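A short write-up of the structure that comes next.
The values are calculated or read from the model by the stated rules, or taken from the named source; none is laboratory data. As the structure is a prediction and not an experimental result, all values here were calculated from the model. Counting neighbours? That spans all protein chains shown, and the Cβs are built from the backbone with ideal geometry, glycine included. These accessible areas exclude ligands, DNA and RNA; they are computed on the full protein's heavy atoms, side chains included. Shrake-Rupley method; radii C 1.70, N 1.55, O 1.52, S 1.80 Å.
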Amino acid sequence: ARRVEANVEEPLCVVACEAPTIETSAGLRDKILTAKPGLAPAMLAGRVSFPSCIVDRICGEPTMQRATGVVRVEVEDFGEWIIETDRNLETAFPQSAAGDFVSFVQNLAPFANRKRCLVNGPHLLLALNAFSRSYPRLNVFLREDRAQKLLVEILEESLMILLEIEQEFTEDDLREYARRIAARFSAYPDRTLRHLSRFSVKRLEEFLRDFS
């Protein structure tokens, strides 16, 4: 609001990370407009934009060093940040500066389906299996051979479903992506966390609603 009031002409791009949905940026924009309707002309003129995005990276639980107050989070080597194409963002954050973890795409929907079917879905189904076997945490279950076998089976079935509903990717592309997911879950069991004591029907309903 202060930028608009000061007539700052330089474009501003706000990217809200994906949780809980890829529409988080749009939701933030709508809340800002509700609170500050006078910003609508600046947004319509393209001076402020809110591109959506998808983020994928397995993270461990945060720890804080009491002496320094620094919060540390262990993350896997793999990372993917897919952002909706936006001229403001591409001006301020070109691909050359963004690096290998960042991609700009015209349409996020196929990538959201891919993540939902081959990352979030298998993660949730593994959690359900671990929960039914009374494991306290998913990472404990993932250390077992039967969990790894189950992961491969779930990914194969999910891949075939995704091929039926999404034509954006080739089967070879999706098989390579599924292979990476299996390798990530296997390599980072202690970072692939879900607190099963907090597992609820609501979480399952939220996931299934994405397919309705």
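Scan region 87-104 for residues that are part of a helix (DSSP H, G or I) and either surrounded by 13 or more Cβ atoms within 10 Å (Cβ to Cβ) or among the small types (Gly, Ala, Ser) (or both) and the total you get is 7.
Among the residues in region 41-59, are any surrounded by fewer than 17 Cβ atoms within 10 Å (Cβ to Cβ) and among the polar types (S, T, N, Q)? Looking through region 41-59, none of the residues is surrounded by fewer than 17 Cβ atoms within 10 Å (Cβ to Cβ) and among the polar types (S, T, N, Q).
For the structure I just gave you, tell me whether ARG66 is open to solvent by 60 Å² or more (accessible area, probe 1.4 Å) and within 17 Å of VAL15 (Cβ to Cβ).
Numbers: open to solvent by 60 Å² or more (accessible area, probe 1.4 Å): yes; within 17 Å of VAL15 (Cβ to Cβ): no.
Here the answer is no, as ARG66 does not meet what is asked.
For the structure I just gave you, tell me whether ASN120 is among the polar types (S, T, N, Q) and within 18 Å of ILE181 (Cα to Cα). Yes: the conditions hold for ASN120.
Results for (1) over 23 Å from PHE111 (Cα atoms); (2) buried (at least 18 other Cβ atoms within 10 Å of the Cβ); (3) at pLDDT below 90, shown as yes or no for each residue.
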{"site": "LEU128", "(1), (2), (3)": "yes, no, yes"}
{"site": "PHE131", "(1), (2), (3)": "yes, no, yes"}
{"site": "PRO136", "(1), (2), (3)": "yes, no, yes"}
{"site": "VAL140", "(1), (2), (3)": "yes, no, yes"}
{"site": "VAL152", "(1), (2), (3)": "no, no, no"}
{"site": "SER158", "(1), (2), (3)": "no, yes, no"}
{"site": "THR170", "(1), (2), (3)": "no, no, no"}
{"site": "ARG184", "(1), (2), (3)": "no, yes, yes"}
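Is it fair to say ALA67 is free of Cβ contacts under 8 Å to residues at least 24 places away in the same chain and either under 26 Å from GLU168 (Cα atoms) or outside any helix (DSSP H, G or I) (or both)? The answer is yes for ALA67.
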